[in-house]
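The structure under discussion appears below in the form of structure tokens.
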Amino acid sequence: MYRSGVTRRLNSSAVVMPASTRTKHTLPDLPYDYNALEPVISAEIMQIHHSKHHATYVTNLNVAEEKLAEAKAKNDVGAIVALGPALKFNGGGHINHSIFWQNLSPKGGGEPTGTNYLLNFCVNNIRSPESDLKSIFNVIYIQASWQN
């Protein structure tokens, strides 16, 4: 992450931080073991998804930010702009996965409510998908719009 030149007061004396300090992103630890979600999600899938897939977002985000720092130091506007997609893609992947791990729970979260309840109900009660699917998603869409 980048912070612009920041001045802080510390014991009545000013401390000036460098114009750009970088903190590397790291892969967060899971709040549970890889096998904690079995039999719904296997330990192998969790291990691959976390230690390989999510880790790739983290690695690529750090590489993109290093390149961004170099481009800024050279005042290379073209390179700065060109790095935008890599920063968004890998930064978004890292953030989304960090949230995703927190949303999973080995103890479950109880019965779904709101739109999730409707989706669960519809999926479990579809009798003829060809004719009912459009109606079901219309109901879910309407319910979701009421909640917003």
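Listed here are the residues, each with its yes/no results for (1) among the small types (Gly, Ala, Ser); (2) open to solvent by less than 60 Å² (accessible area, probe 1.4 Å); (3) modelled with pLDDT of 95 or more.
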position: ARG9; (1), (2), (3): no, no, no
position: THR23; (1), (2), (3): no, no, no
position: TYR34; (1), (2), (3): no, no, yes
position: LEU37; (1), (2), (3): no, yes, no
position: HIS53; (1), (2), (3): no, no, yes
position: THR59; (1), (2), (3): no, no, yes
position: ALA73; (1), (2), (3): yes, no, yes
position: ASP76; (1), (2), (3): no, no, yes
Within the stretch 22-38, residues out of contact with any helix residue (DSSP H, G or I) (no Cβ under 9 Å at 6 or more places or on another chain) and either outside any loop (DSSP other than H, G, I, E, B) or hydrophobic (A, V, I, L, M, F, W, C) (or both) come out as none
Lone qualifier among PHE89, PHE100, PHE121 - being part of a helix (DSSP H, G or I), modelled with pLDDT under 80 and of a type outside the set (Val, Ile, Thr): PHE121
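The values are calculated or read from the model by the stated rules, or taken from the named source; none is laboratory data. Nothing here was measured: the structure is a model prediction, and the numbers come from that model. Ideal geometry is used to build each Cβ from the backbone, glycine not excepted, and the neighbour counts take in all protein chains shown. The protein model used for the area step is the full one, side chains on, heavy atoms only, and it has no ligands, DNA or RNA in it. Shrake-Rupley method; radii C 1.70, N 1.55, O 1.52, S 1.80 Å.
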